[in-house]
Each structure stands twice: as C-alpha cells, then as structure tokens.
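Notes follow once the structure below has been shown.
The values are calculated or read from the model by the stated rules, or taken from the named source; none is laboratory data. On a predicted model such as this, the values are computed, not experimentally measured, just so you know. All Cβ positions, glycine included, derive from the backbone under ideal geometry; neighbour counts span all protein chains shown. All accessible areas refer to the heavy atoms of the entire protein, side chains included, with ligands and DNA or RNA removed. Shrake-Rupley method; radii C 1.70, N 1.55, O 1.52, S 1.80 Å.
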Amino acid sequence: MLNNFAVCDPLGIDYPIVQGGMAWLGTAELVSAVSEAGGLGTIGSGDAPPDWLRQQIRQTRERTNRPFAVNIMMMSPFLADNLKIVVEEEVKIVAFGGGNPGVYLAGLKEAGIKVMPVVSSVALARRLERLGADVVIAEGMESGGHVGETTTMALVPQVASSLKVPVIAAGGIADGRGLAAALALGAQGIQMGTRFICSEECIAHPRFKEQILQAHDRATVVTGESTGHPVRCLQNKLTYKFTELEKRGAPTSELEELGRGKLSLGVMQGNIEEGSLMAGQIAGLIKEIKPVKTIIDDIMAEAEQIIDALNVYKSKG
Ligand SMILES: Cc1cc2nc3c(=O)[nH]c(=O)nc-3n(C[C@H](O)[C@H](O)[C@H](O)COP(=O)(O)O)c2cc1C
C-alpha cells in the first residue's frame, strides 16, 4: 500500500486525491462521495450566492463526517459573503481559485482554517506560502476551467522545488499513471476535475458526461485569452463563436455577454452546442462513468503497480 503522503495528515484524509472545486458540479453529492472514499471533496462555490453555499456545506455534513473543503473563486461577486459563510459554518479547509487570495489568508488562519490556494506560477506559490498557505495546488494549463500558461509537467517540479509546504499537482491527471508522475515531479498528491465529472455521483448533465467520454486528445480549446481570463472547454459552437469574436477584436463587454450563464447551460442543462463545457485535455483518456470510490481505489492501485514496475529501470549490479 502506498502511504506516507505529506498532505494526508494535515488534511485528515486517507489518500492524496483531491476533487477540485468545480462551479455547479462540486455539490454535496460529489463532495461527500469523494470524502467518504478517503479523498478530499471540495464544494465549488463558483459564482453562487451565500445561501447556496451554506446549504451545500450543511448537506455535505449530513452525508459525511469526513473532512471536505470549500473552493472560493476570486472573481465571484459573493467573494466576501462566501468567506463569512465558511467561517460561520466552521469549514476546516478553504481552497481558492482564479487569482491571488493573499489578503484573505491571515483572517482565515486566525479562524483556524487551513488554506489551499490554486496557483499557476512559482511567484504566486512563493508569496502565498509566505502568507501562510498550508498546501499549494499547482495547476497546469492542461486543466479544465480557468487556466494559466505553464504545463503541469513544467510547473509542478518548479513549484515543489520552491516551497516547503506540500504541493498538490492538478491538470491533466485522470489515472494512476498521473498520480505516479505527479509524485515523481515532487508533488505529494493530485487534484482532479474532469475525471470526477464522469463519476456516477457527479450531478453534471448526462449529455455533458457523454461529451467527455466521446472526447479525443485535441477536443478542448482555450478561449478568453483577450479578456485576461482564459478558460479551457470542449470545442463546440460556443467556443467557435467566442474565438471568432476574439479574432475580430471584439470588446471584453461583448465577450462577457456571450459567456454569461453559459456554464450552467452546458454542464447542468446539457446544451452541448450553446453551453460552456469546461473540461481538461485529459478528457480523451476517460472512457467510462464509474462510482467515485472505484475511481479513487483504481488510481491508488494503479499508481502502486507503476511505482513497482519502474524498478525495472534499476540496474541489478
Ligand atoms: C467544470 C469545471 C469547473 C471548474 N470550476 C472551478 C472553480 O470554480 N474553482 C477552481 O478553483 N477551479 C475550478 N475548476 C478546476 C478544477 O478544480 C481542477 O483544478 C481541474 O479540473 C484540474 O484539471 P483536470 O480537469 O485536468 O483534472 C473547474 C474545472 C472544471 C472542469
């Protein structure tokens, strides 16, 4: 059995596998299933209002006594209110996505909350470690959703070499090979989003799940670079339209208008052409919808086999 992962004790989990907070999809159903299976589930508060977040925290607690996290998006219009909710509801672990949460770290630490920011650069990782981050998630541009510019392969070892706190690798990981690779790069665990969408417990629309199962290695595209908020999604009519507008130099306001409300249209209502289907490059590897527990158990078993098999490269003499 693989063990001794530096992230498991501080987070109170059995396996070094985190379900990344996903707007609309990181709900009590998925979060509690991941935490019950020994990983760390994360509620994705996205742009959702405080009442929704409070309800999800409470519903998660009804389903599991295990630790879970709440992901707060820096672009959320409810950022301040949602931070109040996590303190009031005594959430133990907070993850941040989509920016620099530096100014909020001291307050959360004072409240006894562990902080786990998502970063896409060494500079931000270092700054947040200085400000008290407990674990840093280094996310490469392969990932679904908002992305940076550096690949997981290049980012993770550079972040791991720069920090003392444990690093979790995210972006482009969906199986035991990905976990073994992340460990080799100096991470202490993995965060996955796209793989967990294709779980039985995720409430994503079946048509969105099916699009991931049908995806090939080049099925995703990044749009929104001109707005400063690039996002990786499965290609469809919406991404073509978005790319065309960006090529024509359309103003940010027009692009924002086109993107408004499109994530729920795609991932919840199953409008696979007009909606936004955020997913990572690893979508092409995912061929089956499985229960969360099977996903986690399979990854742990496969990583162990791979690590053993790598011994073949050691010389005998
Ligand atoms: C549909 C979707 C929604 C996401 N929403 C968020 C979010 O609200 N906050 C965040 O920090 N990351 C978000 N992410 C990123 C994931 O948490 C995770 O880091 C990423 O999916 C990892 O890469 P992978 O998709 O290759 O596994 C989202 C990803 C997807 C696919």
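Points to keep in mind about this one:
- Length-normalised contact order for the stretch 1-145 - Cα pairs under 8 Å, 6+ apart - percent: 16
- The relative contact order of the stretch 16-86 comes to 34 percent, based on Cα pairs under 8 Å that sit 6 or more residues apart.
- Area accessible to solvent at Ile113, 1.4 Å probe radius, in Å²: 10
- FRET efficiency for the Ser162 to Glu274 pair, using the beta carbon distance and R₀ = 30 Å, is estimated at 0.10.
- Accessible area per residue in Å² at 1.4 Å probe, computed on the stretch 13-139: 38
- The chain, relative contact order in percent, only Cα pairs under 8 angstrom and at least six apart counted: 16
- Only protein atoms count toward the accessible area here, which uses a 1.4 Å probe; on the chain, the carbon and sulfur part of that area reaches 51 percent.
- Once the Kirkwood radius over Cα pairs is known for the stretch 143-229, the Stokes-Einstein relation at 37 °C and 0.692 mPa s delivers a diffusion coefficient of 226 µm²/s.
- Sequence of Phe78, Phe196 from largest to smallest accessible area, 1.4 Å probe: Phe78, Phe196
- Difference of contour (0.36 nm per residue) and Cα-Cα distance, Met153 to Glu304: 52.3 nm
- Rg [Å, one decimal], Dmax [Å, integer] - the chain, C-alpha atoms: 18.6, 66
- DSSP beta bridges fully contained in the chain are about 20 percent antiparallel.
- Residue-normalised accessible area of the stretch 230-317, expressed per residue, 1.4 Å probe, Å²: 57
- Pair Met1, Arg130: separation of 7 Å Cα→Cβ label points (nm): 4.1
- The orientation-averaged projected area of the convex hull spanned by the Cα atoms of the stretch 87-222 comes to 9.1 nm².
- Alpha carbon convex hull of the stretch 93-155, volume per residue in cubic angstrom: 73
- Most to least accessible of Tyr240, Tyr15, Tyr104, Tyr313 (protein chains only, probe 1.4 Å): Tyr313, Tyr240, Tyr104, Tyr15
- Of the trypsin sites (Lys or Arg not before Pro) in the stretch 244-300, the ones in a loop by DSSP (not H, G, I, E or B) with at most 16 other beta carbons within 10 Å are Arg248, Arg260, Lys287.
- Note on Asp217 and Ser264: the extension gain reaches 14.5 nm, defined as 0.36 nm multiplied by sequence separation minus the Cα-Cα distance.
- Anchor Lys237: aspartates and glutamates whose Cα lies under 12 Å away (excluding residues fewer than 8 positions away in-chain): Glu273, Glu274
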